[in-house]
Amino acid sequence: MYNEQEVLHDFHSLLLPEAKKSSSNSFEIIYVNDGSEDQTLPLLTELASKNKNIKVVNLSRNFGKEIATTAGISVAAGDATIIMDGDGQHPPALISDFINKWQSGAQVVVGVRGSNQEEGAIKKWGSKIFYKLFNTMSGAEIVPRSTDFRLIDKVVRIEFLKFTERQRITRGLIDWLGFNRDYVTFDAPARLAGEASYKTSQLVKLAMNSFVSLSLTPLFFFGWIGVVITSLSLLVGIFIFVEQFLLNDPLYLNFTGPALLGIFTSFLIGLVLTSQGIIAIYLSHVHGQSQARPLFVIDTTHSIGLQAVEK
């Protein structure tokens, strides 16, 4: 929740009955106040005072959605955790669908947005381009229009909390972990009230963090361009040398000095870019080490003869 005083009561009135109905009253609702500057925190405090199943995580300042989401996951204690935005665009009525998928064996249940009543043309097409580029460049596979509205099993939550990356995208890290997954498609309604605080610039930053965190392709991009430029200029240079100087220009191409200089310059530029690609190989190893991700993830639920998972 970030400055959601206009939304909070309406959202909670939708969420609480669904939580009770879907979990036989064995649930907790964790609200994360991400440094709100309005009356969100007092309203959350009031709700928590009336219901022992409600917890409030109050961050000391605004840390951003991804960190706030991680903070909420870190204090969750259930056998499954459902992540939701607090503006009503993740319909609480679907909670039972997520739980049914989980009870059927899915360890990660992902909400996939079919449509969004408040989605503009820029966001819509930007989302399509992002998922297309990301799935092509990263080697990973993220379902287009997948959201942070998802359920994760306890074993997934434990593994997720081992990540220490600061520039993170929650849905990407959960997808990186693997595990059995299923999907729930939904149409996102309009916000219950107010305007979205998550701006286009923040979405662009999130997309950039996704590429940097989960893909090494941008790191090698200019290196591959350098290889192409170097190879082409070398082949053209060999052709000119043979045609112009060894065979005495039988094709009458008559390459001038500036043309030869341009080809030689292109060759040198290609070498520079190729050198950057070689440096990128070493940087990719540093990048991987600095992320400190686990070497592997064991699915203890479906493993045999291992000690049970404990929080």
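Assorted remarks:
- Residue in segment 59-71 that is crowded, with 16+ Cβ neighbours inside 10 Å, part of a helix (DSSP H, G or I) and in contact with an Asp or Glu (Cβ under 6 Å, 6 or more places away or on another chain) present: yes
- Screening Val242, Val272, Val228 for residues that are of a type in the set (A, V, I, L, M), open to solvent by less than 60 Å² (accessible area, probe 1.4 Å), in a helix (DSSP H, G or I) and at pLDDT 80 or above leaves exactly one candidate, Val242.
- Within segment 72-98, the residues that satisfy the criterion of being touching a strand residue (DSSP E or B) at 6+ places or on another chain (Cβ under 7 Å), in a helix (DSSP H, G or I) and among the aliphatic types (A, V, I, L, M) are Ile73, Val75, Leu94, Ile95.
- Some residue of segment 47-54 being under 18 Å from Leu151 (Cβ atoms), of a type in the set (D, E, K, R) and out of contact with any Cys (no Cβ under 8 Å at 6 or more places or on another chain): no
- Asp10 acidic (Asp, Glu) and part of a loop (DSSP other than H, G, I, E, B): no
- Selected residue (criterion: farthest from the chain's Cα centre (by Cα)) from residues of segment 1-44 that are among the small types (Gly, Ala, Ser) and more than 21 Å from Ala190 (Cα to Cα): Ser24
- Just one residue in the set Gln103, Gln117 is over 23 Å from Leu173 (Cβ atoms) and modelled with pLDDT under 85; that residue is Gln117.
- Members of segment 22-33 that are under 17 Å from Asp148 (Cβ atoms) and modelled with pLDDT under 90: none
- Filter result (open to solvent by 60 Å² or more (accessible area, probe 1.4 Å) and touching a Pro at 6+ places or on another chain (Cβ under 6 Å)) within segment 1-41: Leu14
The values are calculated or read from the model by the stated rules, or taken from the named source; none is laboratory data. The structure displayed is predicted, hence computed values, not measured ones. Here Cβ is always computed from backbone atoms with ideal geometry, including for glycine, and neighbour counts include all displayed protein chains. For accessibility, only protein heavy atoms count, side chains too; no ligands or nucleic acids. Shrake-Rupley method; radii C 1.70, N 1.55, O 1.52, S 1.80 Å.
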